[in-house]
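These notes are about the structure you will find just below.
The values are calculated or read from the model by the stated rules, or taken from the named source; none is laboratory data. Keep in mind that what you see is a predicted model, and the values were worked out from it rather than measured. Cβ sites come from the backbone with ideal geometry, for glycine too, and all protein chains shown count toward neighbours. Side chains included, ligands, DNA and RNA excluded: accessible areas come from the protein's heavy atoms. Shrake-Rupley method; radii C 1.70, N 1.55, O 1.52, S 1.80 Å.
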Amino acid sequence: MKVDLHTHSVFSDGTLTPTDLVQLAAAAGVELLALTDHDTIDGLPEAQTAARSCGIGLLPGVEISANWGQHGIHILGYGFECASPALVSFLGQQRLRREIRAERIGERLARCGIDGALVGATQLAGGRVPGRAHFARYLVQQERVPDFARAFKRYLAKGRRGYVAAEWPQLPEVVAAIHQAGGLASLAHPHHYKLSKALLRHLLLQFKSAQGDGVEIVTAGDDEGRIEWLAELAVEHGL
Ligand code: MN
């Protein structure tokens, strides 16, 4: 069975509408798809409708930003009750945090002589709250940087002039919010956090102690060695 349990649409930093995304996945032979937009489930109704007409399964999903100590991490939620008041209110808080961060990124870029970044990034986000990817696209559009990767390298990555450390809820709080809505929590792309192997082990251990359910083993760009190492660690921790 072909599955894809980690995708984004224009409701966060993806480039396709949920309908186009579902159709593309169906055409690629995906039988079970999860739409996991950043901190929002607003794209799910549209995805659900498209999945029904394409005849593929759609698992409700979301990718929630969290902190583990000072490290920023992402936690995927699956199969939750979309109307859960606890989840809806939790995601409302996340949206507020995103709005505050977007404003501060705009202010920081203005101090670098780049005006109109918040407005431009918001436009690129289709009027929704822009994330760093939208600011990166704006910087490329304004020819401040030659490409997306360099927008991060020069301005938006940790420690650069346009970087704003986001204050996300801590890992256990995020796992609890997903569980409260009846969902399962999975640690997203552990290799993206630039942690040492020892710290990664520690993260998985703490994720498990916080009642986390799973870990994402295969991510685009990972090599086989990393995938195997992570798979063994997941088994070891019962994830
Ligand atoms: Mn992610």
Discussion item. Show the residue pairs meeting these rules: Cβ distance below 7 Å; 6+ apart or different chains; first residue within the stretch 23-39 and free of Cβ contacts under 8 Å to residues at least 12 places away in the same chain; second residue open to solvent by 20 Å² or more (accessible area, probe 1.4 Å).
Written reply: Leu24/Leu16
Practice prompt. Can you work out which of the residues in the stretch 154-168 that are within 16 Å of the ligand (Cβ to nearest atom) and not charged (D, E, K, R) is least open to solvent (accessible area, probe 1.4 Å)?
Written response: Leu156
Response to the item:
Matching residues in the stretch 186-201 (within 15 Å of Lys158 (Cβ to Cβ) and either within 13 Å of the ligand (Cβ to nearest atom) or touching a Phe, Trp or Tyr at 6+ places or on another chain (Cβ under 6 Å) (or both)) number 2
Worksheet item: Just to be sure, is Leu87 open to solvent by less than 10 Å² (accessible area, probe 1.4 Å), at pLDDT 95 or above and either of a type in the set (Phe, Trp, Tyr) or farther than 30 Å from Arg161 by Cβ (or both)?
Response: yes
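For every residue, the table says whether it meets (1) touching a Ser or Thr at 6+ places or on another chain (Cβ under 9 Å); (2) open to solvent by 10 Å² or more (accessible area, probe 1.4 Å); (3) in a strand (DSSP E or B).
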{"residue": "Pro45", "(1), (2), (3)": "no, yes, no"}
{"residue": "Val62", "(1), (2), (3)": "yes, no, yes"}
{"residue": "Ala83", "(1), (2), (3)": "no, yes, no"}
{"residue": "Arg98", "(1), (2), (3)": "yes, yes, no"}
Fill in: Conditions (1) touching a His at 6+ places or on another chain (Cβ under 6 Å); (2) crowded, with 20+ Cβ neighbours inside 10 Å; (3) not aromatic (Phe, Trp, Tyr): number failed by Leu230
(1)
